[in-house]
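> Structure below; questions to follow.
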Ligand SMILES: Nc1ncnc2c1ncn2[C@@H]1O[C@H](COP(=O)(O)OP(=O)(O)O)[C@@H](O)[C@H]1O
Ligand SMILES: [Mg+2]
C-alpha cells in the first residue's frame with residue numbers, strides 16, 4: 001500500500017490550523033514497519049489515514065495501485081484492515097470477553113463455532129484463556145488484561161493490514177513479549193504491519209524497517225538495524241535508540257571496544273566478548 005503526498009490539517013478549538021501530516025509519501029510492504037516520533041509528530045494521524053478512518057485533505061492512499069479512499073477500494077481496505085487504537089480498551093462495548101473478541105468475526109458472517117475457536121486462539125496468542133475469561137465482563141479485568149483482550153479482538157480478524165498504536169505502553173513484561181510475538185507472527189503470516197511506538201527496544205525485537213516522523217514529515221526511513229543500532233543518529237532526531245545501542249556507545253566513549261551494532265542485551269554481551277578477544 002502507498003501514501004502519496006498525504007497532508008492532514010486539524011482545526012483547533014480557536015480556529016487555528018495544525019498540520020499533523022505534511023506531504024507524506026510512503027510505501028508499506030509485508031513485514032513490520034516501526035513508526036517512531038515524538039508525541040505530536042503525527043503517528044496516530046498516519047495510522048488513522050492508513051486505516052481509512054481519516055480522509056486526508058490532499059494526497060492519495062493506494063492499495064495495489066487502486067484508490068483506497070473511495071468506492072470499491074475503500075470497501076476493500078475496510079475489509080482488510082485492523083487498527084489497535086492507542087487506548088484500545090476504551091472501545092469495549094460488549095458484555096463478555098468472548099463477545100468482544102468474536103464481535104468482528106460474527107459481523108463478517110463467520111459461524112459461531114468457528115468464531116469461538118478463532119477468539120480462543122487470538123486470546124491464547126496474548127497469553128489469555130477463553131475458558132477462564134470468556135464469560136467475564138471486559139470492563140472488570142485488570143488494565144493489562146483489558147489491553148490484551150483489545151489487541152486479541154483485532155488479531156482474531158487476521159487483518160492483511162495490521163496497525164497498532166503504542167501497543168506495548170503500560171504492559172507488563174510478559175504481556176509485552178506476548179504482544180510482540182503476536183505482531184511478529186502476523187508479519188510471518190504475510191501481513192503488512194505498522195507499529196507506532198516510542199519503545200526502541202520493542203521495535204528492535206519486531207521491526208524490519210523503521211520510519212520516523214517529525215512535525216508531520218518523514219525524516220528517517222531505513223532498515224531497522226541501521227537506524228535503531230545508531231544511537232547518535234537517533235539522538236540527532238530526538239529519539240531514543242535501543243538500550244543496547246546506547247550502552248555500546250557509552251562503552252566506546254569509555255574506551256571499551258564494542259564491534260558491530262548490538263541491539264539486545266545478548267548481542268551487546270557477545271560484541272563485548274568479541275572486542276576483548278580481538
Ligand atoms: N482531533 C484532533 N484535533 C486537533 N488536533 C489534533 C487532533 N488529533 C491530533 N491533533 C494534533 O495533530 C498533531 C499530531 O498528533 P498525533 O497524530 O496524535 O501525533 P502522535 O500520535 O505522534 O502523538 C499534534 O499536534 C496533535 O495535537
Ligand atoms: Mg499517538
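The values are calculated or read from the model by the stated rules, or taken from the named source; none is laboratory data. Because the structure is a prediction, the values reported are computed rather than measured. Counting neighbours? That spans all protein chains shown, and the Cβs are built from the backbone with ideal geometry, glycine included.
> Does residue 112 fit the bill of being touching a helix residue (DSSP H, G or I) at 6+ places or on another chain (Cβ under 8 Å), over 24 Å from residue 165 (Cα atoms) and loosely packed, with under 14 Cβ neighbours inside 10 Å?
Numbers: touching a helix residue (DSSP H, G or I) at 6+ places or on another chain (Cβ under 8 Å): yes; over 24 Å from residue 165 (Cα atoms): yes; loosely packed, with under 14 Cβ neighbours inside 10 Å: yes.
Against the criterion (touching a helix residue (DSSP H, G or I) at 6+ places or on another chain (Cβ under 8 Å), over 24 Å from residue 165 (Cα atoms) and loosely packed, with under 14 Cβ neighbours inside 10 Å), residue 112 qualifies.
> For the structure I just gave you, tell me whether residue 54 is assigned to a loop (DSSP other than H, G, I, E, B), more than 16 Å from ligand 1 (Cβ to nearest atom) and in contact (Cβ under 8 Å) with a residue 24 or more places away in the chain. Can you show your working first?
Details: assigned to a loop (DSSP other than H, G, I, E, B): yes; more than 16 Å from ligand 1 (Cβ to nearest atom): no; in contact (Cβ under 8 Å) with a residue 24 or more places away in the chain: yes.
Criteria not met by residue 54.
> For segment 167-187, check the following and say yes or no: at least one residue is in a strand (DSSP E or B) and more than 16 Å from ligand 1 (Cβ to nearest atom). If you could, list the steps in order and put the result at the bottom.
Within segment 167-187, the subset in a strand (DSSP E or B) is none.
No: segment 167-187 contains no residue that is in a strand (DSSP E or B) and more than 16 Å from ligand 1 (Cβ to nearest atom).
> For segment 152-168, how many residues meet the condition of being within 16 Å of ligand 2 (Cβ to nearest atom) and more than 11 Å from the chain's Cα centre (by Cα)?
Total meeting the criteria: 0.
> Tell me, yes or no, whether segment 45-53 has at least one residue that is under 25 Å from residue 162 (Cβ atoms) and away from ligand 2 (no atom under 16 Å from the Cβ).
Yes, segment 45-53 contains at least one residue that is under 25 Å from residue 162 (Cβ atoms) and away from ligand 2 (no atom under 16 Å from the Cβ).
> Quick check, is residue 46 in contact (Cβ under 8 Å) with a residue 12 or more places away in the chain, in a helix (DSSP H, G or I) and within 17 Å of residue 207 (Cβ to Cβ)?
yes
> Another question, if that's okay. Quick check on my filter: what residues within segment 232-255 are over 24 Å from the mean Cα position of the chain (by Cα) and surrounded by 13 or more Cβ atoms within 10 Å (Cβ to Cβ)?
Scanning segment 232-255 gives 247, 248, 249, 251, 252.
> Ok, one more. Can you report the number of residues in segment 22-32 which are closer than 30 Å to residue 188 by Cα and within 16 Å of ligand 1 (Cβ to nearest atom)? If you could, list the steps in order and put the result at the bottom.
At the first step, the residues of segment 22-32 found to be closer than 30 Å to residue 188 by Cα are 24-32.
If we keep only those that are within 16 Å of ligand 1 (Cβ to nearest atom) too, we end up with 24, 26.
Result for segment 22-32: 2.
> If you don't mind, another one. Does segment 35-48 contain any residue that is surrounded by fewer than 18 Cβ atoms within 10 Å (Cβ to Cβ) and more than 10 Å from ligand 1 (Cβ to nearest atom)?
For segment 35-48, residues surrounded by fewer than 18 Cβ atoms within 10 Å (Cβ to Cβ) and more than 10 Å from ligand 1 (Cβ to nearest atom): absent.
> So, one more: Among the residues of segment 60-105, which ones are surrounded by 15 or more Cβ atoms within 10 Å (Cβ to Cβ), assigned to a loop (DSSP other than H, G, I, E, B), more than 16 Å from ligand 2 (Cβ to nearest atom) and within 22 Å of the chain's Cα centre (by Cα)?
Scanning segment 60-105 gives 68, 69, 92.
> Quick check, is residue 241 closer than 26 Å to residue 45 by Cβ, touching a residue at least 24 places away in the same chain (Cβ under 8 Å) and in contact with a helix residue (DSSP H, G or I) (Cβ under 7 Å, 6 or more places away or on another chain)?
yes
> Right, here's the next one. For residues that are buried (at least 16 other Cβ atoms within 10 Å of the Cβ) and within 16 Å of ligand 2 (Cβ to nearest atom), tally how many sit in segment 1-18.
Qualifying residue count for the region: 1.
> Taking residue 24 as meeting all but one of (1) within 16 Å of ligand 2 (Cβ to nearest atom); (2) modelled with pLDDT of 95 or more; (3) within 19 Å of residue 157 (Cα to Cα), write down the number of the exception.
Only one criterion is unmet by residue 24, namely (3).
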